[in-house]
Amino acid sequence: MTAFQRCINPKCRSTFGITEVLHRCPTCGSLLDVDYEWDKVSVPKSLKYFEQLWSERSNPVRFSGVWRFHELLPFAPIDQCVTIGEGQTILQKNDAVASYVGKDAGSLFLQYEGLNPSGSFKDNGMAAGTTHGRLVGAKQAACASTGNTSASLALYCGVSKLMKSVVFVGSGKIAYGKLSQALDYGARTVQIRGDFDDAMQRVQEVSKKKGIYLLNSLNPFRLEGQKTIMFRVLEALRWEVPDWIVVPGGNLGNSSSFGKAFIELHMLGLIDKVPRLAVVNAAGADSLCRLYNDEGLRWNGGDIDTAKIDAFYAQMDQENRRADTIASAIEINRPVNLTKCLRALDFCNGVVRKVTDQEIIDAKAQVGANGFGCEPASAASVAGLKKLVEEGVIGKDERAVCILTGYQLKDPNATVAYHGNDRDFFESYLGKHGITEAQYANRPVVVDNDIEKILDVLN
Ligand code: F0G
């Protein structure tokens with residue numbers, strides 16, 4: 001078998017078969033990667049190879065923006081790959097948003113992952129994760145979620161009928177757009193009285209006890225699918241590597257998979273430059289930022305100072321600090337992929353920043369006014385870029401790609417509260433997160449049902 005699972009800890013490096021269902025390395029407890037005997041895989045000599053596959057778009061697996069790159073994630077036979085048409089996303093050069101963040105025209109690109117079937121980047125991972133679930137004969141799959149993973153899992157299970165889905169969400173913690181998807185697509189939905197970190201803990205216990213297949217980003221097969229977001233960014237840039245990738249950080253699956261994508265592309269000689277990675281936390285869910293910037297936690301060749309992490313979480317618990325942000329998708333204080341993200345930051349010479357909810361919601365309004373719109377967590381990438389340009393870390397002329405991870409309609413309340421006239425709604429939805437202003441609000445006008453008055457309003 002050319003594909004296998006491997007522990008990411010360089011001191012362990014234990015390997016396991018592709019059909020073993022594991023959440024962590026049974027030897028040392030570290031996270032696992034999917035790895036390949038690349039010399040036995042027919043890897044294309046140039047990324048240009050993938051262009052010819054556009055002509056095979058009548059074949060669903062080549063239509064898929066994930067499986068079009070099957071050669072770079074070849075853990076399942078191509079005829080076994082699950083797809084519902086994910087990855088038809090676009091990279092849009094956006095000069096208006098560039099101007100907002102203080103960048104030169106032509107230097108900012110937005111990668112719209114909200115255009116996926118369930119409206120978020122998770123579908124890239126779910127196509128790969130459910131493919132592995134099918135390989136191992138899973139009958140039931142579960143995840144904990146701040147909303148998008150649950151929507152995606154529910155959709156993939158609902159459409160493919162390969163397995164039933166169970167989703168664990170924090171009660172009152174997920175935006176209605178996402179909750180409505182899980183319910184509509186038929187997932188068994190368990191609302192735990194707690195937050196995402198509680199749900200994540202419980203889903204691991206439950207899936208172990210009941211033998212349910214886990215489809216959180218702890219699952220290394222899911223992250224294989226998310227590598228393709230980077231392949232599509234490169235494809236859209238005619239295979240030119242940008243200077244920066246800017247991504248919101250929650251459970252840190254995306255940043256981890258982007259790092260793995262670049263490690264592999266570089267090792268395979270398919271790129272000659274590695275972009276820098278900027279991971280952006282919400283200020284109210286900033287464990288990575290604190291650990292990386294304040295505590296100096298690093299990958300350190302895989303020899304991570306885990307005592308530092310343990311002490312950090314112990315202190316967090318002692319202070320009873322819970323994640324709290326309008327960007328509910330990234331309202332996470334214990335990111336399960338922390339160590340993999342450190343590896344990505346190391347390889348990509350990365351930086352980590354945090355942005356306030358006010359910065360996030362303003363950036364979201366700017367994206368909405370000038371693009372396809374996004375949910376609050378996605379706008380953290382734009383707000384983070386603005387900060388990094390102001391700091392001079394990212395040059396005005398450097399090519400930067402912000403990943404817009406989820407679609408605007410995921411959280412309509414956030415948008416209506418910001419733009420609307422209802423101050424009570426503003427306070428209850430946004431004000432409680434410390435948001436005080438709506439400087440980019442596009443206020444609706446209320447007018448009597450009278451033609452003269454309506455015409456007056458439009459003057
Ligand atoms: N943006 C959106 C829209 C998300 O839904 C998430 C994660 C992230 C960013 C953060 O990505 O976890 O890979 O760092 N949402 C997860 C969920 C946790 O359950 O839907 P990450």
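The values are calculated or read from the model by the stated rules, or taken from the named source; none is laboratory data. The shown structure was predicted, so the numbers you read here are calculated from the model rather than taken from an experiment. In this analysis, Cβ positions are derived from the backbone assuming ideal geometry, glycine residues included, and neighbour counts consider all displayed protein chains. In case anyone asks, the SASA skips ligands and DNA or RNA and just uses the protein heavy atoms, side chains included. Shrake-Rupley method; radii C 1.70, N 1.55, O 1.52, S 1.80 Å.
Measuring nothing but protein heavy atoms, the accessible surface of the stretch 221-323 at 1.4 Å probe radius is 43 percent carbon and sulfur. Let me have the relative contact order for the stretch 84-147, percent, based on Cα pairs under 8 Å that are six or more residues apart. This gives 29 percent for the stretch 84-147. Normalised per residue, the accessible area of the stretch 239-364 is 33 Å², obtained with a 1.4 Å probe and no contribution from ligands, DNA or RNA.
Pairs with C-alpha atoms separated by more than 21 Å, drawn from the list 164/340; 45/122; 173/432; 273/364; 122/161; 209/308, are 164/340; 45/122; 273/364; 209/308.
Gap in Å between the Cα centre of the stretch 328-392 and the Cα centre of the stretch 182-212? Comparing the Cα centres of the stretch 182-212 and the stretch 328-392, I get a distance of 26 Å. For the stretch 423-430, the Karplus equation 6.51 cos²θ - 1.76 cosθ + 1.60, evaluated at θ = phi - 60°, returns couplings of 5, 5, 5, 4, 5, 6, 9, 10 Hz by residue, with Gly and Pro reported as x.
For the chain, a crude dipole built from +1 on the beta carbon of Lys and Arg and -1 on the beta carbon of Asp and Glu, taken about the Cα centre, is about 1500 debye to the nearest 20. Taking every protein chain into account, the accessible area of the stretch 125-205 amounts to 38 square angstrom per residue (probe 1.4 Å). A dipole drawn for the stretch 239-352 from +1 and -1 charges on Cβ atoms has a positive end, and of 311, 296, 347 the residue lying farthest that way is 347. Across the chain, the convex hull enclosing all Cα atoms gives 158 Å³ per residue. Separation of the stretch 235-261 from the stretch 118-167 is 22 Å, based on Cα centroids.
Karplus-derived 3J(HN,Hα) values for the stretch 161-167, using 6.51 cos²θ - 1.76 cosθ + 1.60 with θ = phi - 60°, are 6, 6, 8, 8, 10, 10, 10 Hz; glycine and proline are entered as x. Across the accessible surface of the stretch 12-87, with the other protein chains kept in place and a 1.4 Å probe, carbon and sulfur atoms take up 51 percent.
With the highest mean first, a sort of the peptides 291-299, 260-268 on other beta-carbon atoms found within 10 angstrom per residue produces 260-268, 291-299.
When peptides 33-45, 197-209 are ranked by their average number of other Cβ atoms within 10 Å per residue, the highest-first order is 197-209, 33-45. Relative contact order for the stretch 262-356: 49 percent, from Cα pairs under 8 Å spaced at least 6 residues apart, divided by residue count. Each residue of the stretch 18-34 was assigned a 3J(HN,Hα) from its phi angle through the Karplus expression (A = 6.51, B = -1.76, C = 1.60, θ = phi - 60°), giving 6, 9, 7, 9, 10, 9, 9, 5, x, 7, 10, x, 6, 6, 10, 10, 8 Hz with x at Gly and Pro. Using a probe radius of 1.4 angstrom, the carbon and sulfur fraction of the accessible surface of the stretch 95-191 is 49%. The long axis of helix 376-390 is offset from the longest Cα principal axis of the chain by roughly 90 degrees. Treating each Cα of the stretch 133-187 as one equal point scatterer and applying the Debye formula with no solvent, the log10 of I(q)/I(0) at q = 0.22, 0.24, 0.31 Å⁻¹ comes out as -0.71, -0.82, -1.21.
Given the stretch 168-268 reduced to its alpha-carbon atoms as identical point scatterers, what log10 I(q)/I(0) does the Debye formula return at q = 0.12 Å⁻¹? Those come out to -0.55, one per q. For the listed peptides 212-218, 333-339, 433-439, 65-71, a ranking on the average number of other beta carbons within 10 Å per residue, highest first, reads 212-218, 65-71, 333-339, 433-439. Full extension of the segment from residue 38 to residue 161, taken as 0.36 nm per residue of separation minus the current Cα-Cα distance, would add 41.0 nm. For the chain, the longest principal axis of the C-alpha atoms and the axis of helix 253-267 are separated by about 50°. Taking amide H as placed 1.01 Å from N in the peptide plane, the amide H of residue 93 sits under 5 Å from that of 110, each at least 5 places away or on another chain. Label positions at residue 424 and residue 457, each projected 7 Å from the Cα along the C-beta direction, are separated by 2.1 nm.
Relative to the longest principal axis of the Cα atoms of the chain, the long axis of helix 306-318 makes an angle of roughly 40 degrees.
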